[in-house]
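In what follows, a structure is listed as structure tokens, so that the remarks can point back to it.
Every number here is computed from the coordinates shown, using simple stated rules; none is lab data. Small disclaimer: the values here were computed from a predicted structure and weren't measured. Don't worry about glycine lacking a Cβ; one is built from the backbone with ideal geometry, like all the others, and counts go over all protein chains shown.
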Amino acid sequence: MDRLTVYTARQIHTMDPGRPVAKAIAIAEGRIVSVGTLDSMAPWLRRVGHDIDDRFKNDVLMPGFIDPHTHLRMSGTFMGLHYVGPIDSHGPQGPVTGLPARDDVLGRLQTLVQETNDPRSPIITWGYDPGMQGGHLDRDMLDEISAEVPIWVLSYAPHIVYTNTPMMARTGVAEDTEAHGIGRYASGRLNGWFIESRAVGQATRPVQREVYRAGFGREALQRQAQVAVRNGITTVADLAWGFESFENEWDDHAALANDDGFPLRMLLIPFDARLVAKFGADRFDYLASMRTQGTDKLAVHGVKFINDGSYPSMTLRLNFPGYLDGEVGLTGETPWADMVDCMLPYWQAGIQIHSHANGDQTVDMTLDTLAELQLRHPRFDHRFVIEHYCISTVAQGRRLGALGGLASVNPYFVHYRSLIHADSGFGPDRAEATARLGTLAEAGVTFALHSDFNLVVGPMAPLTAAWIAVNRIAADDQTVMAPGECISVDRALRAVTIDAAFVLRRDHEIGSLEVGKLADLAVLDNDPYAVAPGALRDIAVKGTILSGKPHSPND
């Protein structure tokens, strides 16, 4: 070490239970040398040249927040399309106003059709939310807008593409097509829906060039990195690596990770269905070769299986009594009967498995799979993760704990969607008990909080996630949803720091402020342990520190 940089602060919360608070942190070569006070670290300061930096002396420092389930490149790509979602957003030309109802969306599509100069050129849009905007679209609705101009609408949670007849014809789907995820009316006629990854991929092929525009991936990552800095985030994981192209996605992430000024660490988690399709039996060799290219800012991690649909799109799988209006949801590409055999090679290879399960029927299947994996090939410290874990039961939480599993939970739905889905989709009981964090805590399950940003209607804001987890207040800012599932402030903050790092198997490097770890911090204007629990979301984030280097939201 040639020299130390010592940052002082009003308060430092380390998330190290043995030494929970401090007033100063010493950093060299991007890592933590000492945490405590100027007096306590005097043995270091006497031996090594140092600079005392007081720029944060009135602020509160914490470990940099971790969002363990995002889709920054993909969502940034979609944000370049025409937007038809329910909340205000941003598009290529700047801010875009949200459309509150389905009729408003149909009107916007009509305008886009009228404005086109080429009836052969498809209208490509993103952001539709059937829960918030009044129900699903379908082929007949879109045909009324145009029976000539192809129309392609991707849902906000990109589990459904809605098409009209001209667009459907370009996908190669015909009335006699039998394939997973191709939607039909009750009569059996095609309804223009393409549901879940394989069908969405088929619907996307005719518009591939327009959706995945050259160079847009890096622009998307740059834009989303600033969102991360504004919210105190220093590490993210992308759980759809390979959805477009393993090579293109890696190259975009690597180009930015190699830039010293880029303010994020990123983990890329491959999607099993894409791995199998592209590499087959060679996929383990491919993953091993890519791991050798990793750095502390970009690395390959684990594998992901998608096993049902989406909470906001109302395509997840439910046990009895099912959906309010008779929907049934959809499974992922991998048949559930084959799940154990498909996961077993990764399990035996020691690769961490992330299993997407939104509905309680899917959670049951996932727990059965984990139990069978343990029987066939017992493992310790496997860190099998159920992703999303939206609708579950108390018994499932206890069983997850008994099997040694983890959960990465989206808590935002409790605030942003529970009132909607009490009367649309899931019914009041399941909507109120979405994201059973209190149950998981009681069962001894380690869990993280994630955003799935920007593929669901909600922010990537860990302090907001913590506020929801602690208070469980619905969108009316009055109703408390399943108060027994509230958790403590400390447990919520652990779920966006050290416990999130544990879920990603990175708790030896990040997640707490301890000697030897990477020097990643969030800079706050107030103390989340000192404010009232209802004020957690009001704490302003002033920036981040990555490897000891400060980053401002204004950079």
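Here are the numbers:
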item	result
Gain upon complete extension [residue 104, residue 55; 0.36 nm per residue less C-alpha separation]	12.8 nm
Share antiparallel - DSSP beta bridges, the range 81-211, percent rounded to 5	60
Filtered chymotrypsin sites (Phe, Trp or Tyr not before Pro), the range 336-430: DSSP coil and at most 15 other beta carbons within 10 Å	380
D (Stokes-Einstein, µm²/s), Kirkwood Cα radius, the range 4-58, 1.567 mPa s at 4 °C	115
Within straight-line cross-link reach of residue 297, lysines at Cα separation under 25 Å, skipping those fewer than 8 residues along the same chain	517, 542, 549
Reachable lysines, given that their alpha-carbon falls under 26 Å from the alpha-carbon of residue 304 and they are not under 8 places away in the same chain	278
Loop-located GluC sites (Glu not before Pro) in the range 97-162 whose Cβ has at most 13 other Cβ within 10 Å (DSSP)	148
Cα centre as origin, Lys/Arg/Asp/Glu Cβ charges: the chain dipole, Debye	1300
Area projected by the alpha carbon convex hull of the range 330-418, averaged over all directions, nm²	6.0
Sum of -39500 (n - 2.57) over DSSP H runs of 4+, divided by residues of the chain (222 nm, nearest 500)	-9000 deg cm²/dmol
Sorted by Cβ neighbour density within 10 Å, fewest at the top, the residues 180, 382, 450, 377	377, 180, 382, 450
Dipole in debye (nearest 20) - the range 1-82, about Cα centre, beta carbon charges: Lys, Arg +1; Asp, Glu -1	80
Computed Kirkwood radius, in angstrom, where 1/r is averaged over Cα pairs of the range 9-97	16.8
The range 4-58: antiparallel DSSP beta bridges as a percent of all, rounded to 5	75
Student exercise, the range 456-542 dipole from Lys, Arg, Asp, Glu Cβ charges, in Debye to nearest 20	180
Antiparallel bridges, percent of DSSP beta bridges restricted to the chain (to nearest 5)	45
Per-residue Cβ neighbour rank within 10 angstrom, fewest leading, 55, 31	55, 31
Gap separating the Cα centres of the range 308-385 and the range 215-264, nearest whole Å	28
Efficiency of FRET from Cβ geometry, residue 117 and residue 46, R₀ 51 Å, rounded to 0.05	0.10
